[in-house]
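Heads up: the structure comes next, in structure tokens.
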Amino acid sequence: MEEEVDKHQKSKDSVFFRDGKKRIDFVLSYVDDRDGERKQERRREYEANLQKAGLELETEDKSESDDRKTYFVKIHAPWEVLATYADVLKIKVPFKENDIPVHQDIPMDWLFTPFRLPDHIMNPEPDYFTSPFNKGKIDFFLIDDKETFFPPSVRNRIVYYILARCPYHKTDREDKKGIKRLLNNGTYGSAFPLHDSRYWKPSRDSNSESERFNLYTHWAQFFSFFKEQPLNLIRKYYGEKIGIYFAWLGFYTEMLFFAAVVGLICFLYGLFTFDDNVWSKEICSEEIGGNIIMCPLCDKKCGYWKLNSTCNSSWQSHMFDNVGTVFFAIFMGIWVTLFLEFWKRRQARLEYEWDLVDFEEEQQQLQLRPEYETKCTSRRLNRVTQEMEPYLPVTSQCARTFLSGATVIFWISLIIACIIGVIAYRLAVYAAFASIMKDSPTNNIHMVGSLITPQLATSVTASCINFVIIMILNLMYERVAIWITDMEIPKTHLEYENKLTVKMFLFQFVNYYSSCFYVAFFKGKFVGHPGDYIYMFGWSKLRNEECDPGGCLIELTTQLVIVMSGKQVWGNVQEALVPWVMNRWGSRKARSHPESRYSRWEQDHDLQNFGHLGLFYEYLEMVIQFGFITLFVASFPLAPLLALLNNIIEVRVDAWKFTTQFRRPVASKAHSIGAWQEILNGVAVLSVVTNAFIVAFTSDMIPRLVYMYAYSNDLSMKGYINNSLSVFNISGFSKDNRPEDGESPEWFNSSVITTCRYRDYRYPSGHEKEYSHTMQFWHILAAKLAFIIIMEHVAFMVKFFVAWMIPDVPSEVKARIKRERYLIQEYLHNYEVEKLKIQLSQRNDDCCCTPMIYPDISRHVVLSECL
């Protein structure tokens, strides 16, 4: 009994075999089914083939596991296997310490000390020059200890490479192989590399690095939010693919700081220039706004109203609709270019530092998906490998693509139908709110009562309903997108991810942004005029919405805040809460036992699996947010600030999730953020267009400028409100448009008040061009179109100029790459010369002279070869 406890205590937090020397590089788990003879046979053959491939296995019986059901197969890769496959995979390893001095003369460097992490955390390894591993030249590389030469992330990558290719059943027609197929058919329950320690305390074993503990202590805790990220340690522990994601997320967050500061300044400008806001003063004054009687905003249920009732919304609108809006829209067009260009430079630097310069797509990424091999029964000869391989007939491929496209179009149409439903809700409910609020019952509500108007109530409730619909459709479509992508049977994992990326982003784009596009570009643009209103679908009784006299921009701001903030809060809660609850539930029994019985592999087995699409969802969330802060930022300068605050939390939530809630993912390489780079470029270009249209058509900036410079006598905004409102004769209302008895306020007297005003530029009743557009309308339209053309051309010229000015790869990195290539050539040359000298001296022991093999070859020859 004591021996059993000792064994458990020894293995509890250990990543080694029972002998304490052989490192566990991978773990397979399975439950032995009573009727699983075929599975047993597959496991026996698969494990025998793994041992033939050189791997060493050690099985933990189910009696040793906590649930008494699960077997664990521990896998160790000895040096010979690691060296062989490191050669095959061309894994880069160090051969000389970097001798290029690093210049870090940062002015006032001491100011950044509080944000820095200890050097052993930021740089867990010295900086080396590296070269692809060659098993035949082992003494060329810096090998101090064969057991620790390859870090755990490289070891588990090599083992996974073997697991993915090892056969488990051979027939005359084909070899069935790969751990993924065995996981899919239930032969094994899970396959994962081990974390090196518990996250809250270091390992007792001095041979274990405890890098997980270091990551949790210095990175994953929220109170480290102001600290830099230990990217080299993240890359060393999780691999380059996850490392590049956190590098991108951190860089994006850093760049958001500058956009947030400028956006806050623009917002404060609008806040502190209230006193210069002449048009709002006119709306709020009793002499002007109090004497302007406005036409009803809906049929029958809406009465006449005074312009000064929109005083508060006019002031609110000024905070976002001012000169600063135009400046900020142009600034964001430049900012997004700088962000993308500087990211390319940061990415190039990481490519060099992480040995990804000559990286090509790994063979395992181009490996056939198990689902493809299973579902494609047809075979044909591969011209490259000269082996028979499965393929999907063209007819089947076309049919599946057509069905997939039809499904995507159907779901996008469903979104548009939901948006139309929300618009119909707005039109129907506005009349109800207007009727209820005609006597201002909300004024009794403490603090905010006077701010609640029918327009605001309609906008807020519609935005909340729209957000709920968005989230429901999002959850449903995720399953549909995966289903139709599976139905297409993509050949490789890379192809699968790309197809899913296109489908998901296209859907999310329409789902999240369609309501904002409606408010920005359609609401209030097609309303007609009193006596000749335009109705939804032409035949319905739902009259198209009008913009508030303060403009539609404030409503776009409301829509943006609710959808963007709601998504961010929901996303962070979901990311943190769901895996935590599932892990607590999964490990509920094990936590009641002594620690000595809860082994390292069982602890990791109870964590959530990080699927191959895990990073896909992380990128998707951030790219959707990127769209919010670029496509509609002219309407809400505080959007980058909200995104910044969210991302500060997001970095730590993701770090906490990776470190504490997920099994350790298999390390994989990636030299960039992949297809997301092109999507970001597309969104950046589109953002210039959308912001130009928002400033021109949604904001009131252009009409004000036209009035000031073309129609005002003293270049002031006095009289702008009266100028921007047209006059309608009340007697021209039809029975269907006229307010019902009792709907108009008590102060309205139809015998005294014969006209009402509405927002447009039209000739009054009795004019020869009655109710047709005035010349000022066409002047304003021309100014809007001119502004769009000028802003787009200026923004695009600046974008392309900045992109041309900033090289994608820093000159320092180019020099280091050339230096490394030169050194590799020179060292390999010298190595071969010395090796030949030794061989010849051993053969010619009687000869006392030194053989002259390439005695005086010049260095410039080697340099010219590598350059």
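Under the definition of Cα pairs under 8 Å and six or more residues apart, what whole-number percent is the relative contact order of segment 610-700? Could the numbers behind the result be given before it?
Working: 37 pairs, mean separation 46.5, N = 91.
About 51 percent, as a whole number.
Under the 0.36 nm per residue contour assumption, what length would be gained going from the current alpha-carbon distance of Ala786 and Ser413 to full extension? Mind dumping the intermediate values first?
Numbers: separation 373, 0.36 × 373 = 134.28 nm, distance 3.38 nm.
Contour length minus Cα-Cα distance gives 130.9 nm.
Could you tell me the calculated FRET efficiency between Val833 and Phe800, based on Cβ-Cβ distance and R0 = 60 angstrom, to the nearest 0.05? Working shown, then result.
On the way: r = 51 Å, r/R0 = 0.84.
In this case the efficiency is close to 0.75.
What ³J(HN,Hα) values, in whole Hz, does the Karplus curve 6.51 cos²θ - 1.76 cosθ + 1.60 give for segment 750-757 when θ = phi - 60°, with x put for Gly and Pro?
Once θ is set to phi - 60°, the couplings for segment 750-757 become 5, 7, 9, 8, 10, 10, 9, 10 Hz.
Does segment 611-699 come out rounded, prolate or oblate, given a ≥ b ≥ c as the square roots of the eigenvalues of its C-alpha gyration tensor, rounded meaning a/c under 1.5 and, failing that, prolate meaning a/b above b/c?
On the way: a/c = 4.09, a/b = 1.89, b/c = 2.17.
Oblate, since a/c reaches 1.5 and b/c is not below a/b.
Could you calculate the contour length gain from Ile138 to Thr273, that is, 0.36 nm times the residue separation minus the distance between their Cα atoms, to one decimal place in nm? Working shown, then result.
Details: separation 135, 0.36 × 135 = 48.60 nm, distance 7.18 nm.
Length gained, Ile138 through Thr273: 41.4 nm.
Can you give me the relative contact order of the chain as a percent, contacts being Cα pairs under 8 Å and 6 or more apart?
Values: 1121 pairs, mean separation 156.3, N = 867.
Dividing the mean separation by the residue count of the chain yields 18 percent.
In terms of modelled amide H atoms, which long-range or inter-chain residues lie less than 5 Å from the amide H of His169?
For His169, whose amide H was placed from the backbone, the distant partners under 5 Å are Lys176.
Straight-line reach from Lys375: which aspartates and glutamates have a Cα under 19 Å away, not including same-chain ones fewer than 8 places off?
Candidates past the 8-residue exclusion: Asp172, Glu174, Asp175, Glu387, Glu389, Asp486, Glu488, Glu495, Glu497.
Which helices of the chain meet both criteria: a Cα extent of 20 Å or more along the helical axis and a mean Kyte-Doolittle score no lower than 1.6, with helices taken as whole DSSP H segments?
Values: long enough: 37-52 (22 Å, -2.88); 240-272 (47 Å, 1.50); 323-353 (45 Å, 0.51); 394-436 (62 Å, 1.63); 454-488 (49 Å, 0.98); 493-521 (39 Å, 0.28); 553-586 (49 Å, 0.42); 614-631 (26 Å, 1.13); 639-656 (25 Å, 0.94); 675-693 (28 Å, 1.07); 775-805 (44 Å, 1.48); 811-843 (48 Å, -1.06).
Answer set is 394-436.
Pull up all non-local amide H partners of Lys306: gap of 5 or more, or a different chain, and H-to-H distance under 5 Å with H placed in the peptide plane.
Amide H neighbours of Lys306: Met294.
What is the Cα centroid distance between segment 120-166 and segment 289-309, reported in whole angstrom?
Value for the Cα centre distance between the two parts: 76 Å.
Suppose each label sits 7 Å from its Cα in the direction of the beta carbon; what would the Arg383-Val752 distance come out to in nanometres?
Roughly 9.0 nm, to one decimal.
Excluding Gly571 itself, what net charge comes from residues whose Cβ is under 9 Å from its Cβ, given Lys and Arg +1 and Asp and Glu -1?
Working: positive: Lys567; negative: Glu575, Glu621, Glu650.
Counting the neighbours of Gly571, the net charge comes to -2.
With labels modelled as points extended 7 Å from the Cα through the Cβ direction, what inter-label distance (nm, one decimal) is found for Arg68 paired with Ser712?
Placing both labels 7 Å along Cα→Cβ, they lie 8.6 nm apart.
Measure out, as a whole number of angstrom, how far apart the alpha-carbon centroids of segment 616-645 and segment 649-680 sit.
Answer, in whole Å: 18.
Please report the relative contact order for segment 26-204, taking Cα pairs under 8 Å with a sequence separation of at least 6, and give it as a percent rounded to a whole number.
Numbers: 204 pairs, mean separation 55.9, N = 179.
After rounding, I find 31 percent.
Counting only the backbone N, which residues of segment 602-630 are under 19 Å from the spot 7 Å out from the Cα of Val261 toward its beta-carbon?
Within reach of a label on Val261, which here means backbone N under 19 Å from a point 7 Å along Cα→Cβ, segment 602-630 contributes nothing.
Suppose the chain between Glu286 and Phe226 were pulled fully straight at 0.36 nm per residue; how much longer would it get relative to their current alpha carbon spacing?
Details: separation 60, 0.36 × 60 = 21.60 nm, distance 5.11 nm.
Taking 0.36 nm per residue and subtracting the Cα distance, the gain is 16.5 nm.
Show the residues, 5+ positions off or on another chain, whose built amide H is closer than 5 Å to the amide H of Leu607.
The answer is none.
Each reported figure results from applying straightforward, stated rules to the coordinates on display, with no laboratory input. Treat the numbers as computed from the prediction; the structure is a model and nothing was measured. When we count neighbours, we look across all protein chains shown, and the Cβ atoms used for this are built from the backbone with ideal geometry, even at glycine.
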